[in-house]
Each structure stands twice: as C-alpha cells, then as structure tokens.
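Written below as structure tokens is the structure these notes are about.
The values are calculated or read from the model by the stated rules, or taken from the named source; none is laboratory data. Since the structure is predicted, the reported quantities are computational estimates derived from the model, not experimental observations. As a convention, Cβ positions derive from the backbone with ideal geometry for all residues, glycine included, and neighbour counts pool all protein chains shown. Heads up: the accessible areas ignore ligands, DNA and RNA and are worked out on the full protein's heavy atoms, side chains in. Shrake-Rupley method; radii C 1.70, N 1.55, O 1.52, S 1.80 Å.
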Amino acid sequence: MTVGKRRRQPSFAQLRAFAAVAEHLHFRDAASAIGMSQPALSGAVSALEETLGVTLVERTTRKVLLSPAGERLAVRAKAVLGEIGALMEEADALRAPFTGVLRLGVIPTVAPYLLPTVLRLVRGRYPLLDLQVHEEQTASLLDGLAGGRLDLLLLAVPLGVPGVTEIPLFDEDFVLVTPLGHRLGGREGIPRSVLRELNLLLLDEGHCLRDQALDICREAGRADVPATTTAAGLATLVQLVAGGLGVTLLPRTAVQVETARSNRLLTACFADPAPARRIALAMRTGTVRAAEHKQLAAALRAALRDLPVRMVGS
C-alpha cells in the first residue's frame with residue numbers, strides 16, 4: 001500500500017491572522033487588533049494560502065477584499081479559533097477559578113462609572129485573575145463575545161440575542177439634565193410627557209443609550225427626535241447642555257461625574273415609575289466559566305450597593 005504525502009496543517013497564528021484580515025479588511029488594522037506586526041501578519045496569511053492551495057485575499061493598492069474561497073474559509077477559520085478559545089477557557093476553569101485571563105467588554109456609557117469599582121474588586125478579591133478591559137459599543141461587544149475575542153460583557157440589557165445569557169446586576173433611573181435657568185431644572189416628580197416638547201440631545205448612532213432615550217420618548221408619546229446635534233460621549237453631551245443647546249437624559253450612575261464638569265447644569269427627576277435601564281453581565285450560554293461569572297456578578301452587586309441603583313438578581 002502506498003502512503004500519500006502528509007499534508008501540512010495550518011498553524012494557529014496563520015488562522016488568527018487570516019481571521020483578523022477577514023474582519024477588518026485592512027492589514028494595518030488587523031495587525032493592530034491582534035498585536036502582530038503588519039509584515040508578520042501578511043506573511044502568515046500568505047503562508048496559509050500556500051498551505052491550503054487557494055487564494056484567500058485579493059490585495060489592491062486601495063483596499064483588501066476576500067476572494068470567494070476566502071469568504072467561505074473565513075467562516076471556518078472563525079469557528080476553529082472559537083473552539084481553540086473554548087479549549088483554553090475550559091483549561092483555565094479546570095486549573096482554578098478566577099485565574100488566567102478574563103477579557104471583559106464594557107459599553108462607553110457604563111465604563112467610566114463602574115470600572116473603578118470593578119477594578120478594585122478584582123484586584124482585592126481575585127489577585128490571580130488577569131482582567132483585560134475593552135470599551136466598545138454593544139454590537140462590537142456581542143460580535144467579540146460570539147467569536148471568542150471577549151469572555152464577559154458589562155452592558156445594558158435586554159439584548160435578545162440567541163446564545164447569550166444575561167446575569168442582571170441592577171436597575172437605574174434616568175435623570176433629565178438641563179442648562180442653568182431651565183424651567184424644569186431642579187424639579188422632582190416631573191411627568192414623562194415633558195419629553196414631547198423638549199429639545200433632546202442624543203448620543204451618536206450605535207450607542208445603546210441613544211436607542212433607550214428614543215424608546216423613552218416614544219413611550220411618552222413623541223414620534224421622533226430630530227438629530228440636529230449629537231455627541232460621541234456623555235462628557236460632550238452634558239457640555240452641549242451646559243451651553244444651552246438643549247437637554248439630555250443621563251443614567252443615575254453617570255450624573256455625579258458628568259454634572260460635576262460644569263456649574264451651569266441642573267437635574268430634574270421623573271415621577272415614579274421613572275424611565276430606567278438594566279445593567280447586567282452577559283456571557284456565552286453554556287460557557288464552562290458560567291459558575292465563575294455568576295460568582296463575580298454576586299460580588300459586583302455587593303460592591304455596587306452604595307450607588308443610586310436598585311439591585312436585581314441573586
């Protein structure tokens with residue numbers, strides 16, 4: 001019997017490089033995302049093409065495109081990398097809980113206000129845990145969780161995404177922030193119906209807080225909010241309010257930090273039940289670190305009790 005020549009196998013580095021290029025469609029951005037030099041990444045993709053015997057990437061002077069084969073095999077590469085990530089995750093969990101790397105994704109409207117508490121908790125209670133934080137918008141975080149780039153998310157829910165399990169932490173009310181001298185500034189128990197007539201300033205597209213604010217307006221009977229002025233972050237948003245361009249909605253956890261930036265701001269509280277959002281941890285359904293993540297959630301609830309929020313879950 002004749003034994004055929006053994007076929008070479010793709011390496012992890014080659015698959016990782018190709019998956020990054022498939023995601024970013026840009027060699028420099030892909031290299032930066034995975035911490036590899038651009039020449040090394042390009043070489044890894046070329047080596048993978050040679051190993052597989054197909055062209056994966058069409059390189060032009062202006063942009064990078066996936067070939068038809070590249071489109072198909074990118075899905076396979078992502079799945080293989082996901083399985084390798086799951087293998088490493090399970091090995092970490094078997095070795096000891098709260099050790100190894102934990103890649104935490106956080107949305108921008110949560111990160112500045114909760115991360116100080118999260119970091120103190122991890123440093124004090126879980127010193128062997130290598131916590132790595134990534135601040136991104138919700139869609140990017142969910143993609144990272146599904147692809148194994150992230151292990152756990154801290155964000156607003158509900159998400160309604162298959163394969164993702166939410167661990168509720170707390171509910172927090174929204175507060176109306178107005179410029180100094182505004183007729184609603186400093187008032188308590190204002191009705192939601194006031195939102196029908198106010199010049200409401202919003203965050204840019206892609207922020208879940210923008211969508212939540214629009215939902216609150218719709219519930220108050222307002223059909224739309226003209227996007228005449230928007231901001232990339234809450235710090236800019238409140239400065240626009242201080243400058244008299246309109247009013248905005250802030251979650252309770254952000255109020256103290258953001259309103260301290262200017263003495264030309266006032267707040268107003270809504271009548272019960274006030275509009276609110278829920279903050280939770282989110283993990284892949286069935287992850288081997290589920291018990292660990294739930295323990296972390298319980299510890300977080302205890303650590304966050306001094307905030308102006310209502311704890312949920314158990």
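Per-residue 3J(HN,Hα) values for the range 194-202, derived from phi via the Karplus relation 6.51 cos²θ - 1.76 cosθ + 1.60 with θ = phi - 60°, read 5, 5, 5, 10, 8, 7, 8, 8, 10 Hz in sequence order (x marks Gly and Pro).
Residues whose amide H lies under 5 Å from that of THR248, counting only those 5 or more places away or on a different chain, are VAL177, LEU201; hydrogens are built 1.01 Å from N in the peptide plane.
Once you reduce the range 274-304 and the range 203-260 to the center of their Cα atoms, the two points are 26 Å from each other.
Expected output is a single nm value to one decimal: the length gained when fully extending between ARG261 and ASN199, i.e. 0.36 nm times separation in residues minus the C-alpha distance. What is it?
My answer for the length gained is 20.2 nm.
Counting charges near LEU41 (Lys, Arg +1; Asp, Glu -1) among other residues having Cβ under 11 Å from its Cβ returns a value of +1. Loop exposure criterion: GluC sites (Glu not before Pro), DSSP state outside H, G, I, E and B, at most 16 other Cβ atoms within 10 Å. Applied to the chain, the longest stretch between such sites is 1-187.
Per residue, the chain reaches -13000 deg cm²/dmol at 222 nm when only DSSP H runs of four or more residues are counted, each adding -39500 (n - 2.57). Remark on THR267: its backbone amide H falls under 5 Å from those of THR178, GLY186, a criterion applied only to residues 5 or more positions apart or on other chains, H modelled at 1.01 Å from N. Rounded to the nearest 20, the size of the Cβ-charge dipole of the chain about its Cα centre is 480 debye, with Lys and Arg at +1 and Asp and Glu at -1. Annotation note: trypsin sites (Lys or Arg not before Pro) in the range 218-314 located in DSSP loop regions with a Cβ neighbour count of at most 16 within 10 Å are ARG261, ARG264, ARG305.
Show me the helices of the chain, taken as full DSSP H stretches, that run 15 Å or more along their long axis by Cα and average -1.0 or above in Kyte-Doolittle hydropathy.
Qualifying helices: 12-24, 38-52, 68-95, 111-125, 208-219, 290-303.
Compared with the direct C-alpha span, the chain from VAL161 to HIS134 gains 7.7 nm at full extension, assuming 0.36 nm per residue.
Residues in the range 276-281 carry Karplus couplings, in order, of 8, 10, 10, 10, 8, 8 Hz; the curve used is 6.51 cos²θ - 1.76 cosθ + 1.60 with θ = phi - 60°, and Gly or Pro positions show x. A cut-off of 5 Å between modelled amide H atoms, ignoring neighbours fewer than 5 places along the same chain, links VAL106 with HIS134, GLU135, GLU136, LEU154.
Put a plus charge on the Cβ of each Lys and Arg, a minus charge on the Cβ of each Asp and Glu, and nothing anywhere else: the dipole of the range 161-233 about its Cα centre is then about 400 debye.
Computing the accessible area with a 1.4 Å probe over protein heavy atoms, can you report the carbon and sulfur percentage for the range 183-284?
Numbers: 2120 of 4640 Å².
The C+S portion of the solvent-accessible surface of the range 183-284 is 46 percent.
One compactness figure for the chain is 1.20, namely its Cα radius of gyration divided by 2.2 N^0.38 Å.
DSSP beta bridges confined to the chain are antiparallel in about 65 percent of cases.
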